[in-house]
Structure formats: structure tokens, C-alpha cells
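See below for the structure under consideration.
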Amino acid sequence: MGIPSDDVVIIRPPERPGEPSLITISCPDKTGLGCDLCRVILLFGLNIVRGDFSTDGKWCYVLFWVVERGRKATRWALLKKRLIAACPPASSPLGIDSYYFNRRQETATEQNPQVFLLMFSCYDRMGLLHDVTEVLCELELTIRRVKVSTTPDGRVVDLFLVTDTRELLHTKNRKDEACTQLSAVLGDSMCSCDIELASAELAECLQASSFLPPSVTEDLITLEFQEEPSSSLPRSSVSVDNSLSHAHSLIQIQCHDHKGLLYDIMRTLKDYNIQISYGRFNAAENGNCNIDLFVVQNDGKKIVDSNKQKALCSRLRMELSCSLRVNLISRGPDTELIVANPVELSGKGRPLVFFDITLALKILKIRIFLAEIGRHVVGDREWEVYRVHLGDDHELCGSRDKIVEAVTKMLMGWH
């Protein structure tokens with residue numbers, strides 16, 4: 001029979017103001033479960049300050065202590081629903097074989113969801129794109145591609161390729177809800193709003209440019225082979241120890257905290273098919289973090305190959321020190337902000353990147369003239385690349401370094 005779904009995820013509010021909320025998760029285990037859970041928590045704008053998780057290979061028990069990061073009030077009921085959806089069910093009336101067959105079908109659907117074209121036009125104003133992005137996040141619409149352009153008469157024409165977490169965007173009520181909420185934010189400046197299923201030909205036309213500036217490509221490739229990118233932060237320490245357990249390898253990490261830290265660790269381990277049997281995470285008030293993870297490979301054995309150990313430690317150090325790449329380049333008279341983050345092998349990109357980019361530029365009072373999101377394979381990895389052409393007012397906010405610093409701090413949660 002399993003356990004009721006309400007008991008799979010339990011969220012307890014803090015006992016006193018300023019203390020973290022406690023999320024308790026008890027469900028069957030699967031490879032990459034920690035990554036999927038941390039991704040949902042990051043998507044809801046929460047910061048994990050402490051974590052404890054254990055599994056016997058079949059069932060896992062996870063504790064997350066989380067705090068809000070100052071965005072809008074957390075929709076706790078919806079968060080619980082999304083966390084439950086990320087967990088394998090406690091039982092399947094048709095048997096375990098049927099569950100995994102159905103899960104493979106669901107995974108295929110997740111990787112190829114229905115894509116819709118959201119089109120609207122309005123008159124430009126400061127912070128417009130961020131306000132629109134915030135509405136789409138609240139609606140649980142995931143931005144896959146975006147083409148934003150400004151016409152000479154001051155109008156903005158926005159084309160978004162989006163998918164719907166709720167899988168309801170094909171219905172009239174859901175389309176009306178999206179346009180109504182956009183209208184509420186844009187007010188009388190909105191000229192039109194329309195949503196339709198995107199054809200393959202249309203999606204192809206809206207693909208981002210396949211060209212990346214050589215400086216960006218070289219930067220991404222260089223980072224792949226660096227032991228650790230240069231940074232003003234203390235050097236991250238990552239080690240693998242096989243002497244403390246006869247059955248598990250111990251991965252020990254000491255590093256500086258950033259937004260989505262635990263997600264970056266779990267994402268990397270998931271891509272390497274590393275399974276966590278027991279782990280503990282703690283972030284101190286000074287920003288230092290300690291993580292201990294007892295792990296095995298997907299064959300159930302310890303990580304004994306020295307080359308595998310070195311590759312895993314090197315990748316973790318790189319992700320901990322520079323999980324996103326931020327660059328500002330000049331292309332003739334134009335200035336382009338480029339942000340890149342690695343895509344999971346499952347095809348999922350990092351949550352809220354475009355939200356944070358547009359928020360940082362809104363705070364700096366920099367208009368966005370054109371923006372696009374695309375995916376590019378550089379080296380042996382796929383990257384999600386955000387390209388933002390800045391308006392002329394970027395020169396008024398200070399140096400180029402100030403823009404890069406502001407965007408980086410917003411993305412990393414250091415503002």
C-alpha cells in the first residue's frame with residue numbers, strides 16, 4: 001500500500017522568527033533524486049542551509065533546512081506538490097516493472113514537452129523584461145527560448161518559447177490566465193498578447209544564433225581543463241577517501257556558499273552516475289560550507305580508479321568555484337552580456353538564471369535592447385547561453401567590471 005502522499009513530504013515552519021523551515025522527505029530512492037529535489041527548492045527561491053540524507057538503496061530519508069532569500073512569500077503548498085512529483089511513488093498497483101516502464105515514458109515526455117509560442121508587444125520601460133520574466137515564473141512557465149527586440153517607435157516585441165509545468169497551456173483558461181497576469185503587470189502599455197502551439201518550423205526560426213564569440217568559446221573550453229578557475233574566494237577543497245568505509249567512498253568538500261550550491265554538487269554527481277548512501281551538509285553564517293558524502297558508483301562499488309577520482313574532484317572544484325560564467329564583450333557599437341551555465345545530462349537547465357540576469361540589470365537601471373537564450377555544445381558539454389544586448393544607458397552605470405560583478409553576485413546569491 002505504501003504511505004500517503006501527504007506523508008512523503010512534510011514541511012514544518014520555523015519555531016521562531018529567523019530560523020529555517022524544515023522539509024522532511026521519505027520516499028523510494030533513485031539515482032539523481034537529490035539533484036531533482038535541490039533543483040525544485042532552488043526554483044522556489046529557497047536557500048538550503050543544512051541537509052541530512054540517508055538511503056539503503058531502496059528507500060531514502062532526506063532533511064532540508066531552508067530559508068527564504070527575500071523574494072515573494074514562498075508558496076509552500078505548491079512547493080510540497082512539486083517535491084512529491086520529483087519523488088518515485090511509494091507503491092505501484094501494477095507492480096515495479098510497470099512503474100519503471102511508465103517512468104521511462106514520463107521522462108521522454110519531460111525531455112520533449114509541448115512547446116508554446118508566447119507573443120506580446122508593448123511600449124518599453126525600465127525593467128520591463130524582468131517584470132515579464134517574474135510573471136512567467138509565477139505561472140510556472142519555463143522559458144526555453146526568447147527573442148526580445150525593440151522597434152524604433154519604442155515598442156518591444158517579445159517572442160517566448162515556453163513549456164508549462166502544469167501541462168495546461170493548450171487550454172483556453174490557462175492561456176487567458178497567462179495573458180491576464182501579463183496585462184496586470186504591463187497595464188495600458190500592452191498592445192497584444194497571444195499564445196499558440198509552436199510548430200517545429202517556428203521553433204527552428206527562433207533558435208538562437210549558432211555563433212558564439214571566440215572569446216566565450218575559448219573561456220568555456222579553458223575552464224574545462226583548469227584545475228580551478230581563478231577567484232577571489234578561498235580555494236575549494238574536494239577529496240575522496242576510501243579508508244573510512246569498506247563499502248563506500250567518502251567525498252569531503254569544504255567551500256564557500258553560493259545560491260544553488262547543493263544543487264551544483266548533486267547535479268555533478270548525477271551526471272557521473274554517483275549514488276549517495278549517506279550525506280550531511282552544513283552552511284555556517286560566515287559562508288563556509290562542509291559537506292560529507294558517502295557514495296558508490298552505479299555498479300555499487302567504491303571509486304577506486306585514481307583517474308576517476310581526479311576527474312570527479314576537478315569537476316566538483318570547477319562547479320563550486322564557477323558554476324556560471326559571466327562575460328561582457330563589445331561587438332562593434334554593441335555591448336553584449338553573455339551568461340553560460342552547464343546543462344544536466346537529462347537536458348534540464350539551471351532554474352531562474354534569466355530571472356536573476358534581468359533583475360540585476362533592472363537594479364542597475366540598464367535597458368535590454370535584445371535578448372536570446374540558446375544551447376551550444378562546447379567541448380564535450382552542452383551549455384545554456386544567455387545573450388543580452390544592452391542599451392546605451394549601460395555606460396551611465398559605471399565600468400564594465402561593475403556590470404559583470406553585479407550580475408555575478410545576483411546569480412550566486414552574494415548581493
Check your understanding: Taking segment 171-196 as the region of interest, how many residues are in a helix (DSSP H, G or I), open to solvent by 20 Å² or more (accessible area, probe 1.4 Å) and at pLDDT 90 or above?
Key -> 11
Review point. With respect to E177, is the statement that it is under 13 Å from V115 (Cα atoms) and among the acidic types (D, E) true?
Key: no
Exercise for review: Find all pairs meeting these conditions: Cβ atoms under 7 angstrom apart; at least six residues apart or on different chains; first residue within segment 311-336 and acidic (D, E); second residue surrounded by fewer than 20 Cβ atoms within 10 Å (Cβ to Cβ).
Suggested key: D334/H389; E336/I329; E336/H389
Practice item. Given the conditions (1) closer than 25 Å to S346 by Cα; (2) more than 24 Å from the chain's Cα centre (by Cα), report the number of the one that V238 does not fulfil. Key: (2)
Review point. Just checking, which of V304, V296 is surrounded by fewer than 22 Cβ atoms within 10 Å (Cβ to Cβ) and not in a strand (DSSP E or B)?
Key: V304
Point to revise | Whichever residue in segment 380-397 is of a type in the set (A, V, I, L, M) and open to solvent by less than 20 Å² (accessible area, probe 1.4 Å) and, among such residues, is modelled with the lowest pLDDT | key: L390
Point to revise | Failed item, numbered, when L168 is tested on (1) at pLDDT 95 or above; (2) under 25 Å from L359 (Cβ atoms) | key: (2)
Check your understanding: Say we look at segment 34-66 and pick out the residues that are β-branched (V, I, T) and closer than 19 Å to E138 by Cα; which of these is surrounded by the most Cβ atoms within 10 Å (Cβ to Cβ)?
Key -> I41
Exercise for review: Select from segment 363-379 the residues that are touching a Phe, Trp or Tyr at 6+ places or on another chain (Cβ under 8 Å) and of a type in the set (V, I, T) and write down the one among them that is most open to solvent (accessible area, probe 1.4 Å).
Suggested key: V377
Point to revise | Pairs with Cβ under 6 Å, 6+ apart, first in segment 26-43 and assigned by the TED database to the domain that holds M266, second among the charged types (D, E, K, R) and open to solvent by less than 20 Å² (accessible area, probe 1.4 Å) | key: C35/R267
Practice item. Residues that are over 24 Å from E384 (Cα atoms) and at pLDDT 80 or above: find the helices (runs of 4 or more DSSP H) completely inside segment 60-162 holding 3 or more of those. Key: 76-86
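Quick grid of which residues meet (1) at pLDDT below 95; (2) open to solvent by less than 30 Å² (accessible area, probe 1.4 Å); (3) farther than 24 Å from R39 by Cβ:
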{"position": "F225", "(1), (2), (3)": "yes, no, yes"}
{"position": "S236", "(1), (2), (3)": "yes, yes, no"}
{"position": "L244", "(1), (2), (3)": "yes, no, yes"}
{"position": "M266", "(1), (2), (3)": "no, yes, no"}
{"position": "Q275", "(1), (2), (3)": "yes, no, no"}
{"position": "A283", "(1), (2), (3)": "yes, yes, no"}
{"position": "G287", "(1), (2), (3)": "yes, yes, no"}
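Evaluate the following for S323: is it more than 12 Å from V388 (Cα to Cα), part of a helix (DSSP H, G or I) and of a type outside the set (A, V, I, L, M)?
no
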Exercise for review: For A247, state whether it is farther than 27 Å from P20 by Cα and in contact (Cβ under 8 Å) with a residue 12 or more places away in the chain.
Suggested key: yes
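The values are calculated or read from the model by the stated rules, or taken from the named source; none is laboratory data. Note that this is a predicted model, so its numbers are computed, not measured. Here Cβ is always computed from backbone atoms with ideal geometry, including for glycine, and neighbour counts include all displayed protein chains. Ligands, DNA and RNA are excluded from the accessible area calculation, which covers all protein heavy atoms including side chains. Shrake-Rupley method; radii C 1.70, N 1.55, O 1.52, S 1.80 Å.
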